[in-house]
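Engineer: Here you go, one structure.
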Amino acid sequence: MGYDVVTGIGSPNGQALIDALAGTGTAGGFSLSASPTSVTVAQGGSGTSTITSTTTGGFSDPVTLSASGQPGGVTVSFNPTSITGTGTSTMTMDVGSATVPGTYTITVTGTSGSTTATTTVSLTVTGPTGSFTLAASPKTITITRGGLGRVNLATTATGGFSSSINLTASGQGANVLVRFKPSTIPAPGTGHAAMQIKVAANATTGTRTITVRGAGGGVTKTVTVRLTIN
């Protein structure tokens, strides 16, 4: 038989009596998750992951975020630094140029009073991707209408760059034809090419700027050549 706390009639059930007298409820809490859970960043670069706080049981206190486990040279920041209720924060990992390449587990901790929750992000630091330089000679050229000119291009790979480089041009305008021989400098990216400029007889006289673009291995470089047509 149940127990009535008002009349005192019935047989008390220990836990039921405690619940009736003291009240029961769910304390609530929160959990953390990261997306993506794995981030790759080259030395000198930065990467991000979205940290999500999911609450349960009506939990609504601010959750302050912190990080641990990052290697020397890596700075971790959160925007915002705390989450109230269910929400997100952007975790940014700035990797210094001297950070040792490797894979590291960064633990993100959310703290609200005595309640904590964690999630992890795997950070892979890679060495520099390298680059290349692009130069033109001469950088100014004058061509008579109906004539032909030539500019020598040179690329030099640096920092371990090893890729072919595709050459294109823009800005030459109507009635001016630009060709590259070759149009692609093969890997590892150090080489030469000739940029041939053919000016039609009906081309407009004056000065214009040709932008030469070299692209390869995720790197893009440009150089300009000033063309005068008379």
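Engineer: Report yes if some residue within the stretch 211-221 is at pLDDT 95 or above and over 18 Å from Thr133 (Cβ atoms); otherwise report no.
Structural biologist: No, the stretch 211-221 has no match at all.
Engineer: Turning to a different aspect of this structure: Cβ-Cβ under 8 Å, sequence separation 6+ or interchain: first residue in the stretch 154-179 and surrounded by fewer than 19 Cβ atoms within 10 Å (Cβ to Cβ), partner aliphatic (A, V, I, L, M) and part of a loop (DSSP other than H, G, I, E, B). Which pairs?
Structural biologist: Going by the 8 Å Cβ cut-off, the qualifying pairs are Ser162/Ala187; Ser164/Ala187; Gly173/Ala203; Ala174/Ala203; Asn175/Ala200; Asn175/Ala203; Leu177/Ala200.
Engineer: Name the residue that is farthest from Gln196 (Cα to Cα), counting only residues in the stretch 137-153 that are within 37 Å of the chain's Cα centre (by Cα) and buried (at least 18 other Cβ atoms within 10 Å of the Cβ).
Structural biologist: Leu153
Engineer: State all residues of the stretch 3-50 that are among the hydrophobic types (A, V, I, L, M, F, W, C), modelled with pLDDT under 90 and either in a helix (DSSP H, G or I) or in contact with a Leu (Cβ under 6 Å, 6 or more places away or on another chain) (or both); if no residue qualifies, say none.
Structural biologist: Ala16, Leu17, Ile18, Ala20, Leu21, Ala22
Engineer: Among the candidates Pro101, Pro128, single out the residue that is modelled with pLDDT under 95, loosely packed, with under 14 Cβ neighbours inside 10 Å and not small (Gly, Ala, Ser).
Structural biologist: Among Pro101, Pro128, only Pro101 is modelled with pLDDT under 95, loosely packed, with under 14 Cβ neighbours inside 10 Å and not small (Gly, Ala, Ser).
Engineer: Let me ask another. Where in the stretch 180-230 are the strands (runs of 3 or more DSSP E), entirely inside, with at least 2 residues that are surrounded by fewer than 19 Cβ atoms within 10 Å (Cβ to Cβ) and either in contact with a Phe, Trp or Tyr (Cβ under 8 Å, 6 or more places away or on another chain) or without any contact (Cβ under 8 Å) to a residue 12 or more places away in the chain (or both)?
Structural biologist: 191-199, 219-229
Engineer: More than 23 Å from Thr158 (Cα to Cα), assigned by TED's automatic domain parsing to the domain that holds Ser162 and either β-branched (Val, Ile, Thr) or in contact with a strand residue (DSSP E or B) (Cβ under 6 Å, 6 or more places away or on another chain) (or both): is that true of Ala215 in this structure?
Structural biologist: When the stated conditions are applied, Ala215 does not pass them.
The values are calculated or read from the model by the stated rules, or taken from the named source; none is laboratory data. Source: prediction; values computed, not measured. For neighbour counting, all protein chains shown are included, and Cβ atoms are generated from backbone atoms with ideal geometry for every residue, glycine included.
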